[in-house]
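For reference, the structure discussed in these notes is given below.
No value in this document is a laboratory result; all are computed from the given coordinates. Worth saying up front: this structure is predicted, and the values here are computed from it rather than measured. No Cβ is skipped: glycine too gets one built from the backbone with ideal geometry, and neighbour counts run over all protein chains shown.
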């Protein structure tokens, strides 16, 4: 895309649209079966960014698929929403560009969580300030256009499908982050959470060689002592701190690594669960 263009302008995507039109030129349909057209559509669009031009790109793909080598306009007999559904769900397996766009933006959020030394993260972090160890604050300014705003709005989706793998404990908030296998400790033990001092502390700040070091606002009554015992039983299986940095762990991967394809399938599965 040309430098210096207004980021809100649709014209900056003209090059992307023209590239798509050339690769899906009508003359190619003369030599391709339906299966061949499906394969070509996916190979062309998989790597193209498609934030503001999805409708135009979908029109090109829809016409290429349905018209074949006919010069006459044909009616689309199947809803496009059904066509871009996965094959397992009765569709043709053509990529849904909305889901693809979301998955690509989620990848930037994932990278933001660990690329601490790179310039792009430092610039974004300085502009929008930190919400916690993993992400910036939400972008709420009504002025100007923010690419980061469109990326940041997917953080809850990333957060929902991630947990924290504790290393040295410096980035992981004991109460606020999902690091324990049981879930968020703030939600599991709200009564204990309300009793402790320094609720924002990282794990490294309250873990010692002797174990956990919690400080309470006051002396606990008998019922609270019983809850504390239950709480300590849950967190007592912690194996201690390690040398490596804390990191996000993607729940949908055996290795905890975020993949665009996995995020895309997540978006697709979610859409199938929403009643129409």
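How big, on average over all directions, is the shadow cast by the Cα convex hull of segment 164-235, in nm²?
Numbers: hull surface 18.8 nm².
For segment 164-235, averaging the hull's shadow over all directions gives 4.7 nm².
Multiply the residue separation of residue 198 and residue 170 by 0.36 nm, subtract the distance between their alpha-carbon atoms, and state the gained length in nm to one decimal.
8.6 nm
Once you put a point 7 Å from the Cα of residue 129 and another 7 Å from the Cα of residue 205, both along the Cβ direction, what distance in nm separates them?
1.8
Could you check the simple spin-label distance between residue 191 and residue 230, using points 7 Å along Cα→Cβ, in nm with one decimal?
Computed distance between label sites residue 191 and residue 230 equals 0.6 nm.
Among 126-137, 208-219, what's the highest-first ranking by average C-beta atoms within 10 angstrom per residue? List each step's numbers first, then the result.
Details: 126-137: 14.6, 208-219: 9.9.
Listed from highest to lowest mean packing, they are 126-137, 208-219.
Set the Förster radius R0 to 22 Å, insert the Cβ-Cβ distance between residue 55 and residue 149 as r into 1/(1 + (r/R0)^6), and round the FRET efficiency to 0.05.
The value I calculate is 0.60.
Return, ordered by residue number, the residues of segment 76-103 whose backbone nitrogen is under 13 Å from a label point located 7 Å along Cα→Cβ of residue 270.
Output list for this probe position: 98-103.
Would you kindly calculate the translational diffusion coefficient of segment 102-256, applying Stokes-Einstein with the Kirkwood radius from alpha carbon pairs, for 20 °C and a viscosity of 1.002 mPa s, and quote it in µm² s⁻¹ without decimals?
So the translational diffusion coefficient is about 124 µm²/s.
Subtracting the Cα-Cα distance from 0.36 nm times the residue separation, let me have the gained length for residue 141 to residue 217 in nm, one decimal.
Full extension from residue 141 to residue 217 adds 23.6 nm.
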